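Each remark here refers to the structure printed beneath this line.
Computed from the coordinates by the stated procedures, all read-outs in this text should not be read as laboratory data. What you see is a predicted model; the values in this text were computed from it and never measured. Cβ placement follows ideal geometry from the backbone for every residue including glycine, while neighbour counts extend to all protein chains displayed.
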Amino acid sequence: MTATDHARELLQIAAIAADAKQGDDLVALDVSGPMPLTDIFLLVTGRNERNVISIANEIEDQLIEHGSKPLRREGRSEGRWVLLDFGDLVVHVFHEEDRMFYSLERLWKDCPVIPIDLPVRETAD
């Protein structure tokens, strides 16, 4: 199996939203083979608890604005690992330390990585 076009569309919206809030180290994994309940995991790192919450809020806001409804959200109050479940896409926003500790990339290493195409950020000179 492979991730659906709808899941890839949700991924693009979520990735742009994460990038807009300075989310780091975005990795998308096609988990549709071993995981029948979802197609894609998006992993994002935030620098601190406030940044993790800000990234998660922006992703959720943008996906809702594009017509997707969250099925579940967890971890927002702690700001260490926020999980947003949108059915075809599950977003994991981690604090740096938690991302290294849980190492989901290692757990799902057999799943193909989906390239993420982000717009180039303009830098202030």
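Worth a mention:
- Euclidean distance of C-alpha centroids, the stretch 9-28 and the stretch 45-123, integer Å: 8 Å
- Near G87, the amide H atoms lying under 5 Å from its own belong to L71; only residues 5 or more places off or on other chains count, and H is placed 1.01 Å from N.
- Looking at the stretch 5-114 alone, DSSP beta bridges between its own residues are antiparallel in about 70 percent of cases.
- Two-site FRET efficiency, V113 against I64, from Cβ-Cβ distance with R₀ of 35 Å, rounded to 0.05: 0.85
- Only helical runs count toward this figure. For the chain, summing -39,500 (n - 2.57) over DSSP H runs of n ≥ 4 and dividing by all residues gives -10500 deg cm²/dmol at 222 nm.
- Compactness of the chain as Cα Rg over 2.2 N^0.38 Å, two decimals: 0.98
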